[in-house]
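Structure first, then comments.
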Amino acid sequence: AQSVSQHNHHVILSEAASLELGCNYSYGGTVNLFWYVQYPGQHLQLLLKYFSGDPLVKGIKGFEAEFIKSKFSFNLRKPSVQWSDTAEYFCAVNAISGNKLVFGAGTILRVKS
Amino acid sequence: DAGVIQSPRHEVTEMGQEVTLRCKPISGHDYLFWYRQTMMRGLELLIYFNNNVPIDDSGMPEDRFSAKMPNASFSTLKIQPSEPRDSAVYFCASSSPDRGGEQYFGPGTRLTVT
């Protein structure tokens, strides 16, 4: 069965610090990869996605993620976080053969101003 | 497009009462998903439909939970009888096959069972 592992459950950073959130998945076939963000009290929104092509994907609000197939990883990065990035971040995987998303447990990011 | 619509946004009910949550997917999306989110268990997939047919209900916690999709534009999640441990935020999401699995989430229903 597919699974998604997010390395950290809680991350605390100061404004302007760099961010990297780890995500690894277990599935041997072709996958589509996603990062969703959930701001406090809101629903999940798509941050970025990878289907094919350039493994470095740029999303909204300055976020990017890199797909490394050999490591089954899809880590999320941002060079300089802002207080408004405080949210929970979910990595998700879709096996090409199905339409279900398998979500990681989420990483709660708190940015101190 | 109005996005995924859920109602009510908040529901407070007493233990033992029946609760019905509603969802209208994005027009043209033929997959619909129901999730539950709590602090303790995180985001859980309860059930999903394809073309109004339930495909996987293995996440439904117990027989008190049921879901239906009578047509392409409407789905319900019913809890009868409700219990305090059902308190959570329930999200509905929809997608279409040509979106590569990308799901669009509704605003959620915050359920409190007292």
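Taken together, the values in this text are just the output of simple stated rules run on the coordinates, not laboratory data. What you see is a predicted model, and the numbers here were worked out from it, not measured in a lab. Here the Cβ is made from the backbone with ideal geometry for all residues, glycine too, and neighbour counts use every protein chain on show.
Out of B:Ser75, B:Ser82, B:Ser87, which single residue is surrounded by fewer than 18 Cβ atoms within 10 Å (Cβ to Cβ) and away from chain A (no Cβ under 11 Å)?
Testing whether each residue is surrounded by fewer than 18 Cβ atoms within 10 Å (Cβ to Cβ) and away from chain A (no Cβ under 11 Å) leaves just B:Ser87.
Results for (1) in a strand (DSSP E or B); (2) touching a residue at least 40 places away in the same chain (Cβ under 8 Å); (3) on the phi > 0 side of the Ramachandran plot; (4) in contact with a Gly (Cβ under 9 Å, 6 or more places away or on another chain), shown as yes or no for each residue.
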{"residue": "B:Ala2", "(1), (2), (3), (4)": "no, no, no, no"}
{"residue": "B:Gln6", "(1), (2), (3), (4)": "yes, yes, no, yes"}
{"residue": "B:Gln17", "(1), (2), (3), (4)": "no, yes, no, no"}
{"residue": "B:Thr20", "(1), (2), (3), (4)": "yes, yes, no, no"}
{"residue": "B:Gly28", "(1), (2), (3), (4)": "no, yes, yes, no"}
{"residue": "B:Leu32", "(1), (2), (3), (4)": "yes, yes, no, no"}
{"residue": "B:Tyr35", "(1), (2), (3), (4)": "yes, yes, no, yes"}
{"residue": "B:Met40", "(1), (2), (3), (4)": "no, no, no, no"}
{"residue": "B:Ile47", "(1), (2), (3), (4)": "yes, no, no, yes"}
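Out of B:Ser58, B:Ser82, B:Ser94, B:Ser75, I need the residue that is closer than 30 Å to A:Leu33 by Cβ and outside any strand (DSSP E or B). Which one?
None of the others qualify; the one that does is B:Ser58.
Identify, please: which residue in segment A:39-58 is more than 12 Å from chain B (Cβ to nearest Cβ) and in contact with a Phe, Trp or Tyr (Cβ under 7 Å, 6 or more places away or on another chain) and is, among those, farthest from A:Ser26 (Cα to Cα)?
Among them, the one singled out is A:Val57.
Residues in segment A:55-111 that are β-branched (Val, Ile, Thr) and part of a strand (DSSP E or B): how many?
Adding up the residues that qualify gives 7.
Go through segment B:32-54 and give me each residue that's among the aliphatic types (A, V, I, L, M) and surrounded by 15 or more Cβ atoms within 10 Å (Cβ to Cβ). I'd like the intermediate steps shown before the answer.
As a first pass, look at segment B:32-54 and keep what is among the aliphatic types (A, V, I, L, M): B:32, B:39-40, B:43, B:45-47, B:53.
Selection gives B:Leu32, B:Leu43, B:Leu45, B:Leu46, B:Ile47.
Out of (1) away from every other protein chain (no Cβ under 11 Å); (2) under 24 Å from B:Tyr35 (Cα atoms); (3) out of contact with any Gly (no Cβ under 7 Å at 6 or more places or on another chain), what's the single condition that is false for A:Ser5?
(3)
Can you list residue pairs whose Cβ atoms sit under 8 Å apart, with the first residue in segment B:57-69 being over 15 Å from B:Cys23 (Cα atoms) and the second being part of a loop (DSSP other than H, G, I, E, B)? Count only pairs 6 or more apart in sequence or on different chains.
B:Arg64/B:Gln80; B:Arg64/B:Pro81; B:Arg64/B:Ser82; B:Arg64/B:Glu83
Within segment A:70-106, how many residues turn out to be within 11 Å of chain B (Cβ to nearest Cβ) and hydroxyl-bearing (Ser, Thr, Tyr)?
Residues that pass the stated criteria total 1.
Kindly indicate the residue of segment B:93-110 that is under 14 Å from B:Leu45 (Cβ atoms) and at the interface with another protein chain (Cβ under 7 Å from one of its Cβ atoms) and also surrounded by the most Cβ atoms within 10 Å (Cβ to Cβ) among those meeting that condition. So that I can check it myself, show each step before the final result.
Narrowing segment B:93-110 to residues under 14 Å from B:Leu45 (Cβ atoms): B:93-95, B:101, B:103, B:105.
Filter again for at the interface with another protein chain (Cβ under 7 Å from one of its Cβ atoms), leaving B:95, B:101, B:103, B:105.
Details: B:Ser95: 24, B:Gly101: 24, B:Gln103: 28, B:Phe105: 21.
Only one residue fits best here, namely B:Gln103.
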